[in-house]
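Notes follow the structure.
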Amino acid sequence: RTEEPPRNTEHRIICCRKDCLNLDQTFDRKCERSKHMDKHDRPYKCTIAGCENLRGYTYSGGLLRHEREVHRMHGGSRKSLFCPFADCKRSSGQGFTRKENLAEHIRRVHRSNNI
């Protein structure tokens, strides 16, 4: 972002997007506002044709993880993690690439905190 950021009457840097949930938030440095604006703009987009993640990512690491885990780029991902509940469709076939996602699945779908 090269433009001079907007400032309030106290000369603090602000976000002036009307859809911002933190309109009263101010920033000391341009880089802080830039990081905040990335949450609105989500500038890191997946370029794979037909990819369902059209929203984009707030930082480049998020896009790289998406490409690695969803599209098997950049060396692919580790071995898939499977649901321990035998009657679950995620116990084989398409597992999970991240332990956090498997734990969330078990918590939401199976109503259990055990992993």
*Convex hull over the alpha-carbon atoms of the chain: what's its volume per residue in Å³?*
171 Å³
*Within the chain, helix-based [θ] at 222 nm, where runs of 4 or more DSSP H residues each add -39,500 (n - 2.57), nearest 500*: -9000 deg cm²/dmol
_Out of the total accessible area of the chain (probe 1.4 Å, heavy atoms of protein only), what percent is carbon and sulfur?_
49 percent
*If you roll a 1.4 Å probe over the heavy atoms of the protein chains, what accessible area per residue do you get for the chain, in Å²?*
75 Å²
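How many Lys pairs in the chain lie less than 22 angstrom apart by Cα atoms, where the lysines are 8 or more positions apart or on different chains?
8
Within the chain, what's the longest stretch lacking chymotrypsin sites (Phe, Trp or Tyr not before Pro) that sit in DSSP loops with no more than 14 other Cβ atoms inside 10 Å?
1-58
The values are calculated or read from the model by the stated rules, or taken from the named source; none is laboratory data. Bear in mind the structure is a predicted one, so any value in this text is a computation, not a measurement. Backbone-built Cβ (ideal geometry, glycine too); neighbour counts: all protein chains shown. Ligands, DNA and RNA are excluded from the accessible area calculation, which covers all protein heavy atoms including side chains. Shrake-Rupley method; radii C 1.70, N 1.55, O 1.52, S 1.80 Å.
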